[in-house]
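Asker: There's a structure below that I have some questions on.
Read the figures in this text as sums done on the coordinates, not as results from a lab. Every value quoted in this text rests on a predicted model; they were computed, and no experiment measured them. Cβ: placed from backbone, ideal geometry, glycine included. Neighbour counts: every protein chain shown.
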Amino acid sequence: MQNTDDEAGWIDLLKSLDDDELERYGEIVADQRRLEWRHRWAQVTCLVVAVLLFALAVREVMVDGITYASGGLLALGLAFAYWPYRKALVRRLWSRHKSAVARETAARAAQKRQ
């Protein structure tokens, strides 16, 4: 998967696709973005647990100072937050691919009208 942050080669790649390939790629992008939302209940649960663990870690630091328990709670909170964070990054990437395909499709439609 091309990184959309590097637009130099990415836009040229989209322009090299014919109309059918671009449409199919748009379908693939939409499917991949939808797949990233699978198990969203688990992602939300992990985020809630991460926030609670972080809050407990802060409370522990305020009550007892920096201890192994507070460090462990913070590490566990970060571990619970990692998966939803990665899913969000990949969803953002696929959203950018989707918008790039839409822009390219619109540009081709405008070019055909001329």
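Asker: Mind giving me the nanometre distance, one decimal, between the label points for ARG34 and TYR68, set 7 Å out from Cα along Cα→Cβ?
Answerer: 5.0
Asker: OK, next. Looking at the calculated P(r) for the chain, what percent of the C-alpha pair distances fall above 17 Å?
Answerer: On the way: 4195 of 6441 pairs.
Pairs farther apart than 17 Å: 65 percent.
Asker: Taking the Cα centre of region 55-114 as origin, sum charge times position over the Cβ atoms of Lys and Arg (+1) and Asp and Glu (-1), and report the length of that vector in debye to the nearest 20.
Answerer: On the way: 11 positive and 3 negative charges, 184 e Å.
Dipole magnitude for region 55-114 comes out near 880 debye.
Asker: Then there's this: With the dipole of the chain worked out from charges on the C-beta (+1 for Lys and Arg, -1 for Asp and Glu) around the Cα centre, which of VAL51, TYR82, SER16 lies farthest toward the positive end?
Answerer: Most positive-ward Cα: VAL51.
Asker: Another question, if that's okay. Compute, for region 7-113, the length of the dipole vector about the Cα centre, with Cβ point charges of +1 (Lys, Arg) and -1 (Asp, Glu) only. Units Debye, rounded to 20.
Answerer: Working: 17 positive and 13 negative charges, 60 e Å.
Taking the Cα centre of region 7-113 as origin, the dipole is about 280 debye.
Asker: Additional query: In whole angstrom, note down how far apart the Cα centers of region 53-114 and region 22-46 are.
Answerer: Comparing the Cα centres of region 53-114 and region 22-46, I get a distance of 14 Å.
Asker: While we're looking at this one, here's another question. I need the phi-derived Karplus couplings for region 42-56: 6.51 cos²θ - 1.76 cosθ + 1.60, θ = phi - 60°, integer Hz, Gly and Pro marked x.
Answerer: In residue order, the calculated couplings are 6, 5, 5, 4, 4, 5, 5, 4, 4, 5, 4, 5, 5, 4, 5 Hz.
Asker: Right, here's the next one. Tell me what the chain gives for mean residue ellipticity at 222 nm when only DSSP H runs of n ≥ 4 count, each as -39,500 (n - 2.57), the sum divided by the residue total, rounded to 500 deg cm²/dmol. Please list the in-between numbers first.
Answerer: Working: 4 runs with 99 residues, N = 114.
The helix contribution divided over the chain gives -30500 deg cm²/dmol.
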